[in-house]
Amino acid sequence: MRPATDACGCFPTGRHYPGIAHLLKTVVVGLVPGISQEAPWRDLEIALLDVETTGRDASTDRVVELGIAVGKAGEIVARYNWLINPGVPIPDGARAVHGISDEDVKDAPSFASVAHEIAKALEGRVPGAYNAGFDKGFVTAEFARLGQPALSSAVVALRRDVEWIDPLVWAREIQKSERSRTLGDVAERLGISLEKAHRASEDAEAALRVLWALAEGDRVPAAYGAAVSEQRRLGLAQADARRRWQR
């Protein structure tokens, strides 16, 4: 009679033998479909996105500028920028941050007019943003307002299960002893120029260069899947730490 372990190739508990652990492959969730989790993320085209807005609430506020810097292997390979008419007045508080006024956007296209261009710029690329939840939330909300479910669902970067690369998560870990982790302060500590902070294209490019600089050591895994998995773990730990601090 064969031992019970031979029937399934594992211990009766369901745990695999340590001797075959190297044969097991964990499938990482959150990756852009069609991109191998084993691929070195530096060799992939990463689209770092930044938005400037009328406020901080994606459900009611609107995008007034959107920029994307695309990088691969340490080089910027494409840049995009759209000044957008939000269809609502830009509050003084928001204008004080990014400097974009109602006059600046009066002749700019609406988000609906450039949505297909934005979708095309993100297509086939790994999405990312500094403090990614903010930017992804605004872009998702703007696409949802279009009332074109087919277009929104076609933008892979906007799917809930696709994780955006977020340099802020890595800055919080690697520069945890520093008091401030704003993009400007992190960039300055890394010797990265950011002359026009809070303008979409400039912030997007600086965030991409920050990501590359933070990854120069061995803290950021080289494989796309491993990097996303570790970023998710760090992000959850950081969020938990902030909740405990706020109590």
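No value in this document is a laboratory result; all are computed from the given coordinates. Because the structure is a prediction, the values reported are computed rather than measured. When we count neighbours, we look across all protein chains shown, and the Cβ atoms used for this are built from the backbone with ideal geometry, even at glycine.
Sorted ascending by nearby beta carbons within 10 Å, beginning with the fewest, Ser201, Ser177 become Ser177, Ser201. About its Cα centre, the chain has a charge dipole of approximately 1120 debye under the convention of +1 per Lys or Arg Cβ and -1 per Asp or Glu Cβ, with nothing else charged.
Dividing the mean sequence gap of close Cα pairs (under 8 Å, 6+ apart) by how many residues the chain holds gives a relative contact order of 24 percent.
Please order Phe138, Phe143 by the number of other Cβ within 10 Å, starting at the fewest.
On the way: Phe138 25, Phe143 22.
So the residues, fewest neighbours to most, are Phe143, Phe138.
Would you list Trp212, Trp245 from fewest to most Cβ contacts within 10 Å?
Working: Trp212 18, Trp245 7.
Placing the least packed residue first, the sequence is Trp245, Trp212.
Of the residues Pro86, Trp164, Ser193, the one whose Cα sits farthest toward the positive end of the charge dipole of region 36-246, with +1 on the Cβ of Lys and Arg and -1 on the Cβ of Asp and Glu, is Trp164.
Considering all different alpha carbon pairs of the chain, the Kirkwood hydrodynamic radius works out to 19.7 Å. The angle separating the long axis of helix 132-145 from the principal Cα axis of greatest extent in the chain is about 70 degrees. Considering the dipole of the chain built from charges on the beta carbon (Lys and Arg +1, Asp and Glu -1) around the Cα centre, which of His98, Ser59, Gly225 is farthest to its positive end? Working it through, the farthest residue towards the positive pole turns out to be Gly225.
Straight Cα distances below 29 angstrom link Lys106 to the lysines Lys120, Lys136, Lys196, with same-chain residues fewer than 8 positions distant left out. Helix content alone sets the calculated 222 nm mean residue ellipticity of the chain: runs of n ≥ 4 DSSP H residues at -39500 (n - 2.57) each, divided across all residues, give -12000 deg cm²/dmol. Its alpha carbons considered, region 47-135 gives a radius of gyration followed by a Dmax of 13.5, 40 Å.
In µm²/s, what is D for region 98-209 at 4 °C and 1.567 mPa s, where D = kT/(6 pi eta Rh) by Stokes-Einstein and Rh is the Kirkwood radius from Cα pairs?
Details: Rh = 15.7 Å.
Estimated via Stokes-Einstein, D reaches 82 µm²/s.
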